[in-house]
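Structure, as structure tokens:
Please treat every number below as a calculation from the coordinates, not as lab data. From a predicted model like this one, the values you see are computed outputs, not experimental measurements. Please note: Cβ atoms are built from the backbone with ideal geometry, for glycine as well, and neighbour counts cover all protein chains shown.
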Amino acid sequence: MDNKAKPHKSERGRGTVYEQHGAWHLQFYTREMRDGHLVRVRRSVKLHDKDRDHNSATCKAVRLLRDAELMKVKTAVPVTGEELKIVDFWTSQYLPYCEKEWKGKGMKPSTVHGYKQVWNQHLLAHFGTITLQQYTAKMARGFLSGLKTKLGKNTLKHIRALASAMFSEAEQRDLITSNPWKVKIPKDCKETAPTQHYTMEETENLISALVDHVEAQLVLALACFLGLGPAEISGLQWGDVDEGWIHIRRNKPSHGVVGTPKTLERMASLPLIDQVRVPLELWRAKCTATSDGDWVIVDLPNMINRVIKPHIKGVNKCWLCDKTPKASGVPWKALYAGRRGMVTAVIERSNGNYALAQRMARHKSLSTTLGVYNKGISNQNLKTEMELFQKSLTK
């Protein structure tokens, strides 16, 4: 190195100060954007000519100049040329991170599918050609405010959660200095409609309406009596069923690849009760005769639309029996209404055994069982319990 003194290596993260051509220089590493990706590069900058006040690499004046220069590097947005558009960051970095890199293995396909839906329906058009560096918290608040009378609060929370997670990752990668999506949901936003559930009486009416289709009865029994979700029902194989138990081992979502259940708690075994065992055995005998393979239920979405809904709603012909059935008298609320109904019934009929309900729902937190899935005591049970309370007061 021409006319270059032995470099002085500062403390960790402080770069290297060296003398060259009668001046002090700082050498350091930083990250810059190239083709939409961060790369580590080495840079050098002149600090000051060597003079009486700047006479060594370790003197106070040189150290102050060094620290000021490194602060500029630390707080600068690492871009070269044109700044990175948000939509390009989603495509080239954040989506691949979700699919393959998150916790070293990527998120579950169902989670990624949900992210893609939120992105395509709400965020893609909003971000347009705006860059990460241009986007502000004011833009985020304005966007949510414009949706507060159109979408429910839960939908707004999903939008905010994805946007905030994406910008947080951009911040971690030093593409921006702060996350503009740390904003609140508007207080006057549209309330989300409460989720629905099936009572046990409604469940019995639904299953009775499907008397000629035991496989459809089994689907409703699994949802309404054991609390299985749609992907868990689709993921059942005959090898998961043994004497007295059903073992939940996989998810088979309609939009993705077969994988494990949503959480470790959801991967559990549930005891069979007669309301499930009977249609299960009848369907097993029928499948043995027709050799339907390993899956207990084949093509659940198709069965719901072409068999279950016609018999419940009483509109359209059933695909299997080619008849327009009589309406069941019970509105279709989707299979998750059966799962909520199971939690509610277990709590009500076990004298408030919340731990049992949590175990059957396979929730990690009891607060989820009580706050989201329990739909409260029925009017009939309320009346009965209050009559018992009244009698206790007269003794």
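Computed from point charges on the beta carbon alone (+1 for Lys and Arg, -1 for Asp and Glu), the dipole magnitude for the chain about its Cα centre is near 1320 Debye. Spin-label pair residue 130-residue 237: with each label point 7 Å from Cα along the Cα-Cβ axis, the two points sit 4.7 nm from one another.
If I fit a long axis through the Cα atoms of helix 137-147 and take the longest principal axis of the Cα atoms of the chain, what angle between them do I get, 0 to 90°, rounded to 10? Its long axis makes an angle of about 20 degrees. One Cα centroid belongs to segment 85-144, the other to segment 148-204; the line between them spans 14 Å.
When the helices of the chain are scored as -39500 (n - 2.57) per DSSP H run of n ≥ 4 and the total is divided over every residue, the value at 222 nm lands at -11500 deg cm²/dmol. Full extension of the segment from residue 377 to residue 286, taken as 0.36 nm per residue of separation minus the current Cα-Cα distance, would add 28.9 nm. Note on the chain: GNM, Cα springs under 10 Å; of 260, 199, 384, the largest mean-square fluctuation is that of 384.
By its C-alpha gyration tensor, with a ≥ b ≥ c as the square roots of the eigenvalues, how is segment 86-172 shaped: rounded for a/c under 1.5, else prolate for a/b larger than b/c, else oblate? Oblate, because a/c is 1.5 or more while a/b does not exceed b/c. Stretching the chain fully between residue 67 and residue 187 yields a gain of 38.8 nm (0.36 nm per residue, less the alpha carbon separation). If one takes the longest principal axis of the Cα atoms in the chain, at what angle in degrees, from 0 to 90 and to the nearest 10, does the Cα axis of helix 109-118 lie? The two axes meet at around 80 degrees. Restricting attention to segment 53-148, the count of lysine pairs at 8 or more positions apart or across chains with alpha carbons under 17 Å apart stands at 4.
From the Cα gyration tensor of segment 186-270, with a ≥ b ≥ c the square roots of its eigenvalues, which class applies: rounded if a/c is under 1.5, or else prolate if a/b is larger than b/c, or else oblate? The shape class here is oblate.
Using Cα Rg over 2.2 N^0.38 Å as the read-out, say which of [x] 0.97; [y] 1.12; [z] 1.45 was calculated from these coordinates. Answer label, from the structure shown: [z]. To the nearest 10 degrees, how steep is helix 379-393 against the longest Cα principal axis of the chain, on a 0 to 90 scale? Relative to the chain, helix 379-393 is tipped by roughly 80 degrees.
Spin-label pair residue 20-residue 263: with each label point 7 Å from Cα along the Cα-Cβ axis, the two points sit 5.7 nm from one another.
Working from label points 7 Å from Cα in the Cα-to-Cβ sense, the residue 53 to residue 195 distance is 6.7 nm.
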